[in-house]
């Protein structure tokens, strides 16, 4: 069953604005990963954060993890139209084990 | 590196026929491959975990006799949808990992339409 819930389900912003997506999960995890999916395409791995980490950065991406609240957030700064996609969080219960995906957030960045 | 391919990228078949989807890790050896199904505007649902040389582990509610998985080599896993029906129409995505990696690398997906 789906472990993660994402909020919001859909987000529409103007180019240049920041986009924040949240993910909540139910059980203890080993790691949490964020993926992007363009319409009808496969998934692209964005960033992984381990359970003992609180924050990670990669370019315009910032991910936080709060294990006490069982939640994570993905921040995309200075968004671009090319960032338009669906974003999924996925939790791993152990290193390299199967991932359980959240429902996803559909992001639209208007030029 | 870490490229995963799927073939075909899309397929249309008639109800009652079988369809085979291939998942290949192109530049690494994948001891484990995962098969997911995704319906329109929904998330990915894990169908089964496939380990090279052993039987696949299916998730609850997934019929192993309908979705045959073979992971015969460290670079290839196949999913065969047997006696396909229109409700099997979906986007099927595979992923692969090696023991050293936390990340899974995903294939581009296969869109199956059963008429």
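Bear in mind these aren't lab numbers, they're just calculated from the coordinates by the rules spelled out. Computed from a predicted model, the values in this text were never measured in an experiment. So basically every Cβ, Gly included, is an ideal-geometry build from the backbone, and we count neighbours across all protein chains shown.
Could you list all residues from the range A:34-48 that are assigned to a strand (DSSP E or B) and more than 7 Å from chain B (Cβ to nearest Cβ)?
Initial filter on the range A:34-48 (assigned to a strand (DSSP E or B)): A:34-37, A:43-48.
Matches in the range A:34-48: A:34, A:35, A:36, A:37, A:44, A:46, A:47.
For the range B:25-55, enumerate the residues that are in a strand (DSSP E or B) and surrounded by fewer than 16 Cβ atoms within 10 Å (Cβ to Cβ).
Answer for the range B:25-55, where residues must be in a strand (DSSP E or B) and surrounded by fewer than 16 Cβ atoms within 10 Å (Cβ to Cβ): just B:51.
The set of residues in the range A:48-81 that are without any contact (Cβ under 8 Å) to a residue 24 or more places away in the chain and closer than 26 Å to residue B:93 by Cβ comprises A:48, A:49, A:50, A:51, A:56, A:58, A:59, A:60. When the range B:90-115 is limited to residues that are surrounded by fewer than 18 Cβ atoms within 10 Å (Cβ to Cβ) and more than 12 Å from chain A (Cβ to nearest Cβ), the one that is nearest to residue A:32 (Cα to Cα) turns out to be B:113. Taking every residue in the range B:23-51 that is at the interface with chain A (Cβ under 8 Å from one of its Cβ atoms) and pairing it with any residue that is in a loop (DSSP other than H, G, I, E, B) and buried (at least 24 other Cβ atoms within 10 Å of the Cβ), at least 6 positions away or on another chain, the pairs with Cβ-Cβ distances below 6 Å are B:43/A:104.
Looking only at the range B:84-115, count every residue that is in a loop (DSSP other than H, G, I, E, B) and either farther than 20 Å from residue B:28 by Cβ or in contact with a helix residue (DSSP H, G or I) (Cβ under 8 Å, 6 or more places away or on another chain) (or both) and tell me the total. I'd like the intermediate steps shown before the answer.
Here is the first cut: in the range B:84-115, the ones in a loop (DSSP other than H, G, I, E, B) are B:84-85, B:89, B:98-104, B:107-109, B:115.
Checking which are either farther than 20 Å from residue B:28 by Cβ or in contact with a helix residue (DSSP H, G or I) (Cβ under 8 Å, 6 or more places away or on another chain) (or both) leaves us with B:84-85, B:89, B:115.
Number of matching residues: 4.
Scoring residue A:21 on the criteria (1) more than 9 Å from chain B (Cβ to nearest Cβ); (2) within 23 Å of residue B:111 (Cα to Cα) leaves a single failure, condition (2). Residue A:24 satisfies every condition listed in (1) surrounded by fewer than 20 Cβ atoms within 10 Å (Cβ to Cβ); (2) under 30 Å from residue B:9 (Cβ atoms) except (2). Looking only at the range B:56-66, count how many residues are part of a loop (DSSP other than H, G, I, E, B) and closer than 20 Å to residue B:6 by Cβ. Number of matching residues: 4.
Can residue A:13 be described as buried (at least 21 other Cβ atoms within 10 Å of the Cβ), in contact with a strand residue (DSSP E or B) (Cβ under 6 Å, 6 or more places away or on another chain) and farther than 20 Å from residue B:38 by Cβ? First the steps, then the outcome.
Numbers: buried (at least 21 other Cβ atoms within 10 Å of the Cβ): no; in contact with a strand residue (DSSP E or B) (Cβ under 6 Å, 6 or more places away or on another chain): yes; farther than 20 Å from residue B:38 by Cβ: yes.
The answer is no for residue A:13.
Tell me, please, whether a residue that is assigned to a loop (DSSP other than H, G, I, E, B), touching a strand residue (DSSP E or B) at 6+ places or on another chain (Cβ under 7 Å) and farther than 29 Å from residue A:49 by Cβ can be found in the range B:14-24. Checking the range B:14-24: at least one residue is assigned to a loop (DSSP other than H, G, I, E, B), touching a strand residue (DSSP E or B) at 6+ places or on another chain (Cβ under 7 Å) and farther than 29 Å from residue A:49 by Cβ.
Considering only residues that are in contact with a strand residue (DSSP E or B) (Cβ under 7 Å, 6 or more places away or on another chain) and not in a strand (DSSP E or B), look in the range B:67-83 and name the one that is farthest from residue B:21 (Cα to Cα). Reasoning before the result, please.
In the first step, residues of the range B:67-83 are kept if they are in contact with a strand residue (DSSP E or B) (Cβ under 7 Å, 6 or more places away or on another chain); the result is B:67-71, B:75-82.
Those still in the list that are not in a strand (DSSP E or B) too: B:75, B:82.
Working: B:75: 14, B:82: 11 Å.
Looking at residues that are in contact with a strand residue (DSSP E or B) (Cβ under 7 Å, 6 or more places away or on another chain) and not in a strand (DSSP E or B), I get B:75.
Looking only at residues in the range A:88-99 that are at the interface with chain B (Cβ under 7 Å from one of its Cβ atoms) and part of a strand (DSSP E or B), which one is nearest to residue A:32 (Cα to Cα)? If you could, list the steps in order and put the result at the bottom.
Applying the first criterion (at the interface with chain B (Cβ under 7 Å from one of its Cβ atoms)) to the range A:88-99 yields A:88, A:92, A:95-96, A:98-99.
Those left that are additionally part of a strand (DSSP E or B): A:88, A:92, A:99.
Details: A:88: 10, A:92: 6, A:99: 9 Å.
Once the filter is applied, the top-ranked residue is A:92.
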